[in-house]
1. Got a sec? Which of Asn50, Asn108, Asn62 is open to solvent by 40 Å² or more (accessible area, probe 1.4 Å), under 20 Å from Lys20 (Cα atoms) and either in a helix (DSSP H, G or I) or modelled with pLDDT of 90 or more (or both)?
2. Looking at (1) hydrophobic (A, V, I, L, M, F, W, C); (2) modelled with pLDDT of 90 or more; (3) not in a helix (DSSP H, G or I), which one does Val56 not meet, given that it meets all the others?
3. Could you list all residues from the range 119-153 that are under 15 Å from Phe52 (Cα atoms), among the polar types (S, T, N, Q) and surrounded by fewer than 16 Cβ atoms within 10 Å (Cβ to Cβ)?
Amino acid sequence: LRAYLPQRQRVIMSDKKTEKEPVVLTNFIELPKSSKRAVIVTINRPNQLNAFNTDVCHSLANIFHSLAKYFHEQSSGNDGNDGEYEDVVAVILTGTGKSFCAGADLSNPPNPLDQSSELEHHLRINPVFQMDSLRIPIIAAIRGHCITGGFEL
């Protein structure tokens, strides 16, 4: 599954190479009294109350698309991982800091036409559509603000 989840990326800003903190984090947690695990997906923009922008939408869509692809391949026998992650039974979606998600970041909002379009290339970058294609439960761990688009998630 690690091959399916995006890794931390190096970005170039102002001619200097710097390590940019990812806007969405992924991790695993062992479930108590069980041999099963869950994937934790965390929106990581605490200074913006986890308001989503284009980067967050694309990252969430990529993560959920990758998870759905992994579980689809696993269920069809084409996983290539010998069941290494068959113990993953849920996704927990949360936010870093004091807010779950304060909706769209108005300084860099996702394109509303892209998010409402049913064209295949727009659905690929729509996190809610990608979440719907995942066949394991998604649990929202909400604290603090949950406004507008945060409800959709």
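The values are calculated or read from the model by the stated rules, or taken from the named source; none is laboratory data. Just so we're clear, the structure is a prediction, and the values are computed from it rather than from any experiment. Note that we place each Cβ from the backbone using ideal geometry, even for glycine, and neighbour counts take in every protein chain shown. In case anyone asks, the SASA skips ligands and DNA or RNA and just uses the protein heavy atoms, side chains included. Shrake-Rupley method; radii C 1.70, N 1.55, O 1.52, S 1.80 Å.
1. Just a single option satisfies the conditions, and that option is Asn62.
2. (3)
3. Thr148, the sole residue that qualifies.
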